[in-house]
Amino acid sequence: MCARLAVPVVALTAVFLIASPHAAAQCSSTFTQQFNLERCHFTSTGDNPYFPLQPGTVSVLEGEEDGAETQLVVTVTCDTRLVTFTTPDGATLKVKTRVVEERQVEDDELVEVSRNFFAQCRETGEVYYFGEETDLYENDEIVGHEGSWLAGEDDAQPGLVMPGTPLLGSRFFQEVAPDVALDQAEIVAACLTTEVPAGSFESCIRTRETTPLEPGAEEFKIYCPGVGLTIDSTLELTEQSRTSCANDRGDDAQGAEARSRRRR
């Protein structure tokens with residue numbers, strides 16, 4: 001993989017668009033925004049090395065953020081969520097997504113819990129983001145839900161959270177929820193060796209995340225093969241564990257992905 005990532009950025013971007021026909025249909029402001037999701041068969045578990053969807057995986061990231069000691073616990077839960085939406089081309093899809101919970105604590109006080117919905121395209125290995133439910137906390141009480149969105153509601157569409165083959169220079173929207181969530185990512189480095197408290201990892205990639213909703217704001221993240229998110233801005237992976245889900249029967253147990261292709 002790293003040898004491929006050594007070629008020029010312009011060529012890499014072209015390879016991403018041509019070699020992965022399911023990934024990119026149209027571009028907006030140089031970031032891919034629409035995807036040919038109709039050609040995907042989705043699964044709520046996934047083996048994308050940079051964004052594995054393995055139920056029972058718990059990742060703990062810690063560090064200092066805005067002057068506060070922060071802990072972020074990311075859990076690939078045993079839960080799934082069915083999301084129904086209509087693509088820009090008029091196809092109605094029903095996708096069984098995996099629920100990934102994020103719990104953020106600052107100075108020993110819970111500040112946010114979000115339930116995020118992901119699924120992997122079997123044909124390409126790409127992982128898509130279908131929405132999130134967010135609870136914001138103050139003094140152990142929920143005070144808001146800012147940032148919540150769901151594909152199929154209020155013109156929101158799924159975004160691409162991780163390509164099947166992450167190529168240097170690739171740009172894509174991770175969230176497509178107008179006026180609510182429009183995070184976009186660019187792969188800015190590859191073949192990195194990353195050392196964090198949880199260990200040393202090779203062949204990692206770095207992304208730069210921005211959003212038109214907050215001009216000038218940016219975040220950098222590092223993803224490593226077999227681990228996933230390893231560095232989130234100032235937070236570093238301190239531990240990761242995996243347990244099995246006794247109640248997770250997989251996609252095929254419930255009829256796999258229920259898909260409807262009614263054209264309007």
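The values are calculated or read from the model by the stated rules, or taken from the named source; none is laboratory data. Keep in mind it's a predicted model, so treat the numbers as computed, not measured. Methodologically, a virtual Cβ is constructed for each residue, glycine included, from the backbone with ideal geometry; neighbour enumeration extends over all protein chains shown.
The table below lists the values:
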{"item": "Contacts under 8 angstrom Cβ, first residue in the stretch 187-201 being touching a residue at least 12 places away in the same chain (Cβ under 8 Å) and farther than 16 Å from Phe51 by Cβ, partner among the aromatic types (Phe, Trp, Tyr) and part of a strand (DSSP E or B), 6 or more apart", "result": "Val188/Phe220"}
{"item": "Residues located in the stretch 148-170, provided they are over 20 Å from Thr32 (Cβ atoms) and within 15 Å of the chain's Cα centre (by Cα)", "result": "Ser148, Leu150"}
{"item": "Qualifying residue in the stretch 198-210 (condition: in a strand (DSSP E or B), in contact with an Asp or Glu (Cβ under 9 Å, 6 or more places away or on another chain), hydrophobic (A, V, I, L, M, F, W, C) and at pLDDT 95 or above)", "result": "yes"}
{"item": "Verdict on Val188 being assigned to a strand (DSSP E or B), more than 14 Å from the chain's Cα centre (by Cα) and under 18 Å from Arg115 (Cα atoms)", "result": "no"}
{"item": "Qualifying residue in the stretch 175-185 (condition: crowded, with 19+ Cβ neighbours inside 10 Å, under 19 Å from the mean Cα position of the chain (by Cα) and farther than 21 Å from Glu102 by Cα)", "result": "no"}
{"item": "Members of the stretch 86-105 that are under 18 Å from Glu153 (Cβ atoms) and crowded, with 20+ Cβ neighbours inside 10 Å", "result": "Leu93, Val95, Lys96, Thr97"}
{"item": "Scope the stretch 105-156; condition part of a strand (DSSP E or B), under 28 Å from Asp66 (Cα atoms) and polar (S, T, N, Q); matching residues", "result": "Ser114, Asn116, Thr134"}
{"item": "Qualifying strands (runs of 3 or more DSSP E) (wholly inside the stretch 26-104; at least 3 residues being in contact (Cβ under 8 Å) with a residue 12 or more places away in the chain and under 16 Å from the mean Cα position of the chain (by Cα))", "result": "31-34, 57-65, 68-86"}
